[in-house]
Amino acid sequence: MKKETGFYGDVLEGLHNAADLMKLDREVLKILTKTTNEITVNFPVKMSNGLVEMFTGYRVQHNNVMGPYSGGLRFHPWVDLGEMRALATVMTCKATIAGIPFGGAAGGVQFNPSDYNSSDVERITRRFTYSLGSNIGAEYDILTSDVNTNPQTMAWILDTYLSTMPPEKRQAKTHVVTGKPIHLGGSVGHDKAAGQGLVFAIEEWAAGHRFDLEGAAYTVQGFGSVGVWTSILLNQKGAKLVAVEDTSGPILNPDGIDPEDLFAYDKENGRIAGYPNAKPIDHETFLATKADIFIPAALEYQITAQTAPKLNVKLVVEGADCPCDRDGSKILKERGIEVLPDILCNSGGVIVSYFEWLQNKRSELWELEEVDRKLQNKMQDAYHRVRDRAAEFKTDWCTAARIEALTRLERIYKRRGIFP
Amino acid sequence: MKKASVYDNVTRQFNKAADLMHLDPEIRKVLARTNNEVIVNFPVKMDDGHIEMFTGYRVQHNNALGPYKGGLRYHPAVDIDEVRALATWMTWKSAIVNLPFGGAKGGIQIDPFKYSASELEHITRRFTFALGSNIGPEFDIPAPDVNTNPQIMAWILDTYLSTMPAHERQAAVHVVTGKPVESGGSIGRNKATGQGVVFTIEQWAKDTNFDLEDAAYFVQGFGNVGSWASRLLKPHGSKLVAVEDASGAIANPKGIDPDDLYEYTQKNKGLIGGYAKAKPIDHETFLATKADIFIPAALENQITLKTAPMLNVKLVAEGANGPTNPDGDKILHEKGTDLLPDVLCNSGGVIVSYFEWLQNKRSEFWDLEEVDGKLHRKIVAGYERVRDTAREHNIDWRTAAYIVALSRLETVYKERGIFP
């Protein structure tokens, strides 16, 4: 059989390693190392210039024994079946570790939205939703925002999906997408959810290590939604942001950077480079910055054989998906740098998506305090379960997190058996 | 050796016809892609209690003319490229003989001879379940193809109906065609493809003042299509001089009785190998057999740059899908060999599938005379459209058949426009 390579190959290898260590039932492993459904749609869109353009979209559904499929939707020229398979598989693990009744899925459309005007992006989004048809649904497969998609995109999907339903069923289906704008059924606290989840996980780690976050130094790679919210919330705990990097380049201030002020600058200028209260540095200096915590919150594969030896921190908190490659992970382990793995610590977004889904389903509107409290409970619970697995199997936290997910899924398969 | 891409052949044929007829460039973009591609991975509990994972496909090319329609094949060579090609051919086929159907195809990548009947039943049922609402009597209607038969269609029917609400079941019997007659199949469906091949050959003989009495022909493949075409040519007094299948080739210049050979294969696992009343020959000798008609009724890419020059016949009647690749086409055309292209010649199966679908939908039973009469009218009308187009544009018959199909689809797209 052909061996999978790239991102999906790494995801499968991670699952195999964890499965070997915990002695996962081979039958269950066979099932979990395949995706259940893979939908490819090619659809024509009449663009604002009157011409027809063809687009390719995907929805890959990995597993739904825990509950309806759920996962992000990204608009990016690199979107392909392999990437979707990997992301869908990771989603199953993430939801299982977080202890929410969702399965894993991922989707996307292969195009660069910044090449199109907003009206064309709307047409593409709506035609894609229509093409997916009954392959998505409020109790079947729930979409949420991801790279280059946002609450506006989710609103278009919602409107298109509901408009193709019989009128009497429409109002009961608003949970077909999460990450919606608040007045359309979105949840308060969803915007900051991923960052809030990271901070809850970091607090748990600090409590467990008797580490004082007051005065602790940290660096952040990526200053998008996750990076910004994590910084703002960590600063409220008294920690100090000493360096930030985004595509415009890294900046440093050993005395601390005010994230809210930097965010205001970024919003005005569209980049962090040139921020007056910090000095520009190069990428190597950024990576080697001495601090307590490093939070990669940008793209995958940033911590590699080349960059891992440079890090000078106690803890790496994976805000992004898969920021460490195989070699990078190995080096961090050898150097004794702790890692809070992505599938544990960046699940805040998924968890609050679940809360949004619950609120829609029950016609409820929760307050921020309730959302935050429930998110904290979920993150703490997941953190403790993964920590205990790491101790039980004397392994790193990434493997422990996968073992936690596989254990739960195995238990379900043993009970339910194989249909028919 | 890398498997030759069948979909490349389809694309080349499509481009040639589209250029020649000046197909609208917007509609060309749409027809050059498949609408939906569904890949499912599903676990099946085998006879020994173990679980095996299988990959199944369903590709839906276009449904502008009606519900998607096309066969399911069980073969180790099934992959997304092949299924895409076969789905596209189905769209052209329905359009040429004027059926209200679109094009689809599916299959499972397995060698069915390696499994017990009970395992094949489980695989078929689990595949049907995995396809879920991606098939349906007014949406996408499977039928038999390579290595699938009425029994397999009956399992699909039973599984599909069993997952429907009770009061909807009886009205959904037309979700598959090619069913056993007792389970809602049509009389005459079994021989339909071979019958259609013979009807088109008769028409060709009439047009070219050729006498089928004593005409020599040879057949590649002796499954459903090859055996029925041979047996139905027998009453015309034509003489079967050579046959080839997976077990090798045999020849008898004095003629092989197709009914007798068929009886033999029924006791010999469906294979012709070892038949006493003919002598074994090699593949090259088989292809070079001097005869009037060659009927390829096996798999794709048989008549190529290498093999086309060996053929020594007046007419190639394509019982199989895609037996001739574009290089083979060119050589046949240069040699002045007549061609009844697959999309016309083997459409008898889908035509009678349409009759079966109609009978189920209307709760009717037609007799054989009615089925044969209607099949004859449909396929002869298709033949005449292709012939007249070939004469009008002075082009080969395959390109003419494509032009008939593409013109119909172009008209429909111009009338309906692009949603939304």
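The values are calculated or read from the model by the stated rules, or taken from the named source; none is laboratory data. Please read these numbers as outputs of a predicted model, since none were measured by experiment. FYI the Cβ positions are ideal-geometry reconstructions off the backbone, even for glycines, and counts take in every protein chain you see.
Among the residues of the range B:146-173, which ones are closer than 21 Å to B:Lys105 by Cβ and within 12 Å of another protein chain (Cβ to nearest Cβ)?
Of everything in the range B:146-173, those that are closer than 21 Å to B:Lys105 by Cβ and within 12 Å of another protein chain (Cβ to nearest Cβ) turn out to be B:Trp155, B:Thr159.
For the range B:119-145, name all the residues that are closer than 20 Å to B:Gly102 by Cα and either basic (Lys, Arg) or away from chain A (no Cβ under 11 Å) (or both).
Residues satisfying the conditions are B:Ile135, B:Pro137, B:Glu138, B:Asp140, B:Ile141, B:Pro142, B:Ala143, B:Pro144, B:Asp145.
Scan the range A:11-28 and tell me whether some residue there is among the basic types (Lys, Arg), more than 17 Å from the chain's Cα centre (by Cα) and either in the same structural domain as A:Gly319 (by TED's automatic domain parsing) or at pLDDT 95 or above (or both). Break it down into steps so the answer makes sense when it comes.
The initial filter retains those residues of the range A:11-28 that are among the basic types (Lys, Arg), namely A:23, A:26.
When the remaining residues are screened for being more than 17 Å from the chain's Cα centre (by Cα), the result is A:23, A:26.
Subsequent filtering for residues that are either in the same structural domain as A:Gly319 (by TED's automatic domain parsing) or at pLDDT 95 or above (or both) retains A:23, A:26.
Yes.
Quick check on the range A:103-115. Is at least one of its residues charged (D, E, K, R), surrounded by 23 or more Cβ atoms within 10 Å (Cβ to Cβ) and in the same structural domain as A:Leu15 (by TED's automatic domain parsing)?
Here is the first cut: in the range A:103-115, the residues charged (D, E, K, R) are A:115.
From what's left, surrounded by 23 or more Cβ atoms within 10 Å (Cβ to Cβ): none.
Within the range A:103-115 (the criterion being charged (D, E, K, R), surrounded by 23 or more Cβ atoms within 10 Å (Cβ to Cβ) and in the same structural domain as A:Leu15 (by TED's automatic domain parsing)), the answer is no, since none of the residues qualifies.
If you check A:Gly99 against the conditions, is it within 14 Å of chain B (Cβ to nearest Cβ), surrounded by fewer than 20 Cβ atoms within 10 Å (Cβ to Cβ) and among the small types (Gly, Ala, Ser)?
Values: within 14 Å of chain B (Cβ to nearest Cβ): no; surrounded by fewer than 20 Cβ atoms within 10 Å (Cβ to Cβ): yes; among the small types (Gly, Ala, Ser): yes.
It is false that A:Gly99 is within 14 Å of chain B (Cβ to nearest Cβ), surrounded by fewer than 20 Cβ atoms within 10 Å (Cβ to Cβ) and among the small types (Gly, Ala, Ser).
Scanning for something on the phi > 0 side of the Ramachandran plot, without any contact (Cβ under 8 Å) to a residue 40 or more places away in the chain and of a type outside the set (Asp, Glu), does the range B:321-342 turn up at least one residue?
From the range B:321-342, those on the phi > 0 side of the Ramachandran plot are B:322, B:336; that's our starting set.
Those still in the list that are without any contact (Cβ under 8 Å) to a residue 40 or more places away in the chain too: B:336.
With the extra rule that they be of a type outside the set (Asp, Glu), the set shrinks to B:336.
Yes, there is a match, as at least one residue in the range B:321-342 is on the phi > 0 side of the Ramachandran plot, without any contact (Cβ under 8 Å) to a residue 40 or more places away in the chain and of a type outside the set (Asp, Glu).
Checking the condition out of contact with any helix residue (DSSP H, G or I) (no Cβ under 7 Å at 6 or more places or on another chain) and over 29 Å from A:Thr407 (Cα atoms), which residue from A:Pro44, A:Pro77, A:Pro68 passes?
Details: A:Pro44 fails: out of contact with any helix residue (DSSP H, G or I) (no Cβ under 7 Å at 6 or more places or on another chain); A:Pro68 fails: over 29 Å from A:Thr407 (Cα atoms).
Sole residue among the options that is out of contact with any helix residue (DSSP H, G or I) (no Cβ under 7 Å at 6 or more places or on another chain) and over 29 Å from A:Thr407 (Cα atoms): A:Pro77.
Is it fair to say B:Ser407 is crowded, with 24+ Cβ neighbours inside 10 Å and either in contact (Cβ under 8 Å) with a residue 12 or more places away in the chain or of a type in the set (Val, Ile, Thr) (or both)?
Numbers: crowded, with 24+ Cβ neighbours inside 10 Å: no; either in contact (Cβ under 8 Å) with a residue 12 or more places away in the chain or of a type in the set (Val, Ile, Thr) (or both): yes.
Answer is no for this residue.
Taking B:Glu318, is it buried (at least 20 other Cβ atoms within 10 Å of the Cβ), under 22 Å from B:Trp204 (Cα atoms) and among the acidic types (Asp, Glu)?
Numbers: buried (at least 20 other Cβ atoms within 10 Å of the Cβ): yes; under 22 Å from B:Trp204 (Cα atoms): yes; among the acidic types (Asp, Glu): yes.
Considered against the rule, which asks whether it is buried (at least 20 other Cβ atoms within 10 Å of the Cβ), under 22 Å from B:Trp204 (Cα atoms) and among the acidic types (Asp, Glu), B:Glu318 comes out as yes.
B:Asp48 is checked against (1) closer than 22 Å to A:Val52 by Cβ; (2) surrounded by fewer than 20 Cβ atoms within 10 Å (Cβ to Cβ); (3) acidic (Asp, Glu) and fails just one. What number does that condition carry?
Answer for B:Asp48: the failing condition is (1).
Can you tell me which of (1) crowded, with 20+ Cβ neighbours inside 10 Å; (2) without any contact (Cβ under 8 Å) to a residue 12 or more places away in the chain; (3) of a type in the set (Ser, Thr, Tyr) is the one B:Ser230 doesn't meet?
(2)
Out of curiosity, is B:Gly66 closer than 24 Å to B:Leu409 by Cα, within 20 Å of the chain's Cα centre (by Cα) and not assigned by TED's automatic domain parsing to the domain that holds B:Asn394? Give the steps one after another, and end with the answer.
Working: closer than 24 Å to B:Leu409 by Cα: yes; within 20 Å of the chain's Cα centre (by Cα): yes; not assigned by TED's automatic domain parsing to the domain that holds B:Asn394: yes.
Here the answer is yes, as B:Gly66 does meet what is asked.
Just give me the residues in the range A:148-177 being of a type in the set (A, V, I, L, M, F, W, C), out of contact with any Leu (no Cβ under 9 Å at 6 or more places or on another chain) and farther than 16 Å from B:Ser133 by Cα, in sequence order.
Within the range A:148-177, the first condition is being of a type in the set (A, V, I, L, M, F, W, C), and the residues that meet it are A:154-158, A:162, A:165, A:172, A:176-177.
So of that shortlist, the ones also out of contact with any Leu (no Cβ under 9 Å at 6 or more places or on another chain) come out as A:156, A:162, A:165, A:172.
If the condition is that a residue be of a type in the set (A, V, I, L, M, F, W, C), out of contact with any Leu (no Cβ under 9 Å at 6 or more places or on another chain) and farther than 16 Å from B:Ser133 by Cα, then A:Trp156, A:Leu162, A:Ala172 are the ones that fit.
Taking the residues in the range A:14-63 that are assigned to a loop (DSSP other than H, G, I, E, B) and in contact (Cβ under 8 Å) with a residue 60 or more places away in the chain as candidates, determine which candidate is surrounded by the fewest Cβ atoms within 10 Å (Cβ to Cβ).
Start the filter on the range A:14-63 by keeping residues that are assigned to a loop (DSSP other than H, G, I, E, B), which leaves A:23-25, A:33-36, A:47-51.
Checking the rest, the ones that are also in contact (Cβ under 8 Å) with a residue 60 or more places away in the chain come to A:24-25, A:47-48.
Working: A:Leu24: 20, A:Asp25: 16, A:Met47: 15, A:Ser48: 13.
Per the criteria, the residue is A:Ser48.
Is it fair to say A:Thr247 is out of contact with any Asp or Glu (no Cβ under 7 Å at 6 or more places or on another chain), among the polar types (S, T, N, Q) and at pLDDT below 95? Give the steps one after another, and end with the answer.
Details: out of contact with any Asp or Glu (no Cβ under 7 Å at 6 or more places or on another chain): yes; among the polar types (S, T, N, Q): yes; at pLDDT below 95: yes.
Criteria met by A:Thr247.
Give all pairs with beta carbons closer than 6 Å in which a residue from the range A:261-273 that is under 15 Å from A:Ala243 (Cβ atoms) meets a residue that is charged (D, E, K, R); count only pairs at least 6 apart in sequence or on separate chains.
Pairs found: A:Ile272/A:Asp246; A:Ile272/A:Asp266.
Quick one: is A:Glu4 charged (D, E, K, R), at the interface with another protein chain (Cβ under 9 Å from one of its Cβ atoms) and in contact (Cβ under 8 Å) with a residue 24 or more places away in the chain? It would help to see each step written out before you state the result.
Values: charged (D, E, K, R): yes; at the interface with another protein chain (Cβ under 9 Å from one of its Cβ atoms): no; in contact (Cβ under 8 Å) with a residue 24 or more places away in the chain: yes.
Here the answer is no, as A:Glu4 does not meet what is asked.
Hey, any hits in the range A:86-96 for a residue that's more than 23 Å from A:Trp397 (Cβ to Cβ) and either surrounded by fewer than 18 Cβ atoms within 10 Å (Cβ to Cβ) or within 13 Å of the chain's Cα centre (by Cα) (or both)? Before you say what the answer is, go through the steps one by one.
Of all residues in the range A:86-96, those more than 23 Å from A:Trp397 (Cβ to Cβ) come to none.
No, there is no match, as no residue in the range A:86-96 is more than 23 Å from A:Trp397 (Cβ to Cβ) and either surrounded by fewer than 18 Cβ atoms within 10 Å (Cβ to Cβ) or within 13 Å of the chain's Cα centre (by Cα) (or both).
Quick check on my filter: what residues within the range A:106-162 are among the charged types (D, E, K, R), out of contact with any strand residue (DSSP E or B) (no Cβ under 9 Å at 6 or more places or on another chain) and under 18 Å from A:Ser70 (Cβ atoms)?
The one that is among the charged types (D, E, K, R), out of contact with any strand residue (DSSP E or B) (no Cβ under 9 Å at 6 or more places or on another chain) and under 18 Å from A:Ser70 (Cβ atoms): A:Glu139.
Which numbered condition trips up A:Phe294, out of (1) in a loop (DSSP other than H, G, I, E, B); (2) buried (at least 19 other Cβ atoms within 10 Å of the Cβ); (3) of a type in the set (Phe, Trp, Tyr)?
It fails just one condition, (1).
Residues being out of contact with any Asp or Glu (no Cβ under 7 Å at 6 or more places or on another chain) and outside any helix (DSSP H, G or I): count how many of those fall in the range A:74-90.
Qualifying residue count for the region: 6.
Filter the range B:187-244 down to the residues that are under 23 Å from the mean Cα position of the chain (by Cα) and basic (Lys, Arg) and list them by number. First the steps, then the outcome.
Step one: list which residues in the range B:187-244 are under 23 Å from the mean Cα position of the chain (by Cα), which gives B:187-205, B:217-234, B:240, B:242-244.
Matches in the range B:187-244: B:Arg189, B:Lys191, B:Arg231, B:Lys234.
Please count how many residues of the range A:64-73 are closer than 22 Å to A:Asn346 by Cβ, part of a loop (DSSP other than H, G, I, E, B) and within 13 Å of chain B (Cβ to nearest Cβ).
Taking the range A:64-73 and keeping what is closer than 22 Å to A:Asn346 by Cβ, we get A:64, A:66-73.
Checking the rest, the ones that are also part of a loop (DSSP other than H, G, I, E, B) come to A:64, A:66-68.
Filter once more, so that each one left must be within 13 Å of chain B (Cβ to nearest Cβ): A:64.
Residues that pass the stated criteria total 1.
So A:Leu132 fits all but one of (1) over 18 Å from the mean Cα position of the chain (by Cα); (2) assigned to a loop (DSSP other than H, G, I, E, B); (3) not β-branched (Val, Ile, Thr); what number is the exception?
(2)
Taking only the range B:72-106 into account, find how many residues are of a type in the set (Ser, Thr, Tyr) and under 14 Å from B:Val146 (Cα atoms). Please lay out each step first, then the result.
In the first step, residues of the range B:72-106 are kept if they are of a type in the set (Ser, Thr, Tyr); the result is B:74, B:88, B:91, B:94.
Pick out the ones that are also under 14 Å from B:Val146 (Cα atoms) and you get B:74.
Looking only at that region, the number is 1.
Of the residues that make up the range A:74-90, is at least one away from chain B (no Cβ under 14 Å), among the charged types (D, E, K, R) and within 28 Å of B:Gln109 (Cα to Cα)?
From the range A:74-90, those away from chain B (no Cβ under 14 Å) are A:74-79, A:83, A:86-87, A:90; that's our starting set.
Retained after the next criterion (residues that are among the charged types (D, E, K, R)): A:74, A:83.
Then keep just the ones that are within 28 Å of B:Gln109 (Cα to Cα); that gives A:83.
Checking the range A:74-90: at least one residue is away from chain B (no Cβ under 14 Å), among the charged types (D, E, K, R) and within 28 Å of B:Gln109 (Cα to Cα).
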